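Reviewing the structure listed below.
The values are calculated or read from the model by the stated rules, or taken from the named source; none is laboratory data. These numbers come from a predicted model, not from an experiment. Quick reminder, even Gly has a Cβ in these numbers, built from the backbone with ideal geometry, and neighbours come from all protein chains shown. All accessible areas refer to the heavy atoms of the entire protein, side chains included, with ligands and DNA or RNA removed. Shrake-Rupley method; radii C 1.70, N 1.55, O 1.52, S 1.80 Å.
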There are 2 protein chains.
Amino acid sequence: MTLPRETVEARLAAFREACVQKRLRLTHQRMEVFRALASSEEHPDVESIHRVVRKRIPTISPDTIYRNLKLLAEHGLVSVAGMSADRLRFDANMGPHHHFVCVKCGRIRDFTSRELEHIAFPAEARAFGAPCSMHLEVKGVCSACQKGRKP
Amino acid sequence: MTLPRETVEARLAAFREACVQKRLRLTHQRMEVFRALASSEEHPDVESIHRVVRKRIPTISPDTIYRNLKLLAEHGLVSVAGMSADRLRFDANMGPHHHFVCVKCGRIRDFTSRELEHIAFPAEARAFGAPCSMHLEVKGVCSACQKGRKP
DNA sequence: CCCCAAATAAGATAGAATCCTATTTACGAA
DNA sequence: TTCGTAAATAGGATTCTATCTTATTTGGGG
């Protein structure tokens, strides 16, 4: 909640415009959900957003938060942090490696890269604390999905 | 399930040894859970592992899968793919950026980096399909948690 | 071979995310 | 401005993932 007001206002203005362009109705609830998200730098979950928005719209339901965030994500107006968080996924490969995540079928493939092996922790990251590991996440469409195969 | 047999065997041998060292009992169920994970390159979820292990141990319960994977993750013998998958988290920052994730409190901070801006999609990633975006995930302990503050 | 803490099975439970349906609302068109 | 309609919402029901509870079983040291 410590974002510069101008940043938030800019995001809100862009959001209004994008909604009009994409024929998404500018409902009171939708605006407030986006405002709550755009005002935060904490990558909030639905419950946090609900708590904030409820101050302005006491009767808003969690389902409305979910529905709008999902819709906005589909339209590229917000994003979901991290990989598919629908369920836990595990990995027996404990060595350093990177991930290719298919945005269609959700498959995750490991890869290693000589070029990336020697990258140091960025100074911008060290500013937040003590980094201990680092990996790249490449999103895209896997070969199988490109060919139209079902997952 | 297309991993070289030698890779799987090596992982199983290392696993046995690690369990003995760490005084973790080598139960039938634990071995089969790890074998299923070590034989896969799909970053499987609990249901997939359960399906596989059930062929050998028909009465095994999902809880045993969860319990063992959690235990093994705590001992660094397996890892959880992606960020905390306990709930969905959203982001209004649609520009390219990277993440610093605190492994203690789970807070996610955005950052951008001049050095990383010009990195191309690694060839090893392009081998899997068509990449469309890329971001770095730095894990570590944030300043607040280092100072012992509660999340 | 015995013992007991650790591990398991199976059902109960908690909680996140989605679904269902009656009601309300945004907004284009008259 | 008013009207009509498809879209959106509220609230409860439902589904599904993950964890907890408890009685029973078991690995492995002594």
Which one is farthest from B:Arg87 (Cα to Cα) among residues in the range A:54-79 that are near DNA strand D (Cβ under 9 Å from one of its atoms) and open to solvent by less than 30 Å² (accessible area, probe 1.4 Å)?
A:Ile57
Residues in the range A:42-81 that are out of contact with any strand residue (DSSP E or B) (no Cβ under 7 Å at 6 or more places or on another chain), away from DNA strand C (no atom under 11 Å from the Cβ) and outside any helix (DSSP H, G or I): how many?
8
Go through the range A:1-13 residue by residue and tally those that are part of a loop (DSSP other than H, G, I, E, B) and loosely packed, with under 12 Cβ neighbours inside 10 Å.
3
For the range B:26-41, what are the residues that are modelled with pLDDT of 90 or more and either outside any helix (DSSP H, G or I) or open to solvent by 30 Å² or more (accessible area, probe 1.4 Å) (or both)?
B:Leu26, B:Thr27, B:His28, B:Gln29, B:Arg30, B:Arg35, B:Ser39, B:Ser40
Within the range A:14-25, the residues that are within 15 Å of DNA strand C (Cβ to nearest atom) and open to solvent by less than 70 Å² (accessible area, probe 1.4 Å) are A:Phe15, A:Ala18, A:Cys19, A:Leu24
Considering only residues of the range A:26-41 that are over 16 Å from A:Val80 (Cα atoms) and touching a Lys or Arg at 6+ places or on another chain (Cβ under 7 Å), which is nearest to DNA strand C (Cβ to nearest atom)?
A:Leu26
Exactly one condition in (1) without any contact (Cβ under 8 Å) to a residue 24 or more places away in the chain; (2) under 21 Å from A:Ala127 (Cβ atoms) is not met by B:Gly106; state its number.
(1)
Does any residue in the range A:20-35 that is touching a residue at least 24 places away in the same chain (Cβ under 8 Å) come within less than 6 Å, Cβ to Cβ, of a residue that is of a type outside the set (A, V, I, L, M, F, W, C) six or more places away or on a different chain, and which pairs are these?
A:Lys22/A:His75; A:Gln29/A:Thr64; A:Arg30/A:Asn68; A:Glu32/A:Arg56; A:Val33/A:Asn68
B:Arg109 being part of a strand (DSSP E or B) and either of a type in the set (Val, Ile, Thr) or within 16 Å of A:Ser40 (Cβ to Cβ) (or both)
yes
Just to verify a result, which residue in the range A:82-94, among those that are in a loop (DSSP other than H, G, I, E, B) and open to solvent by 30 Å² or more (accessible area, probe 1.4 Å), is nearest to DNA strand C (Cβ to nearest atom)?
A:Asp86
Positions within the range A:78-90 being within 7 Å of another protein chain (Cβ to nearest Cβ) and either touching a Phe, Trp or Tyr at 6+ places or on another chain (Cβ under 7 Å) or on the phi < 0 side of the Ramachandran plot (or both), in sequence order
A:Val78, A:Ser79, A:Val80, A:Ala81, A:Met83, A:Ala85, A:Arg87, A:Leu88, A:Arg89, A:Phe90
Of the conditions (1) open to solvent by less than 20 Å² (accessible area, probe 1.4 Å); (2) at pLDDT 95 or above; (3) of a type outside the set (A, V, I, L, M), B:Phe111 clears all except one; give me its number.
(2)
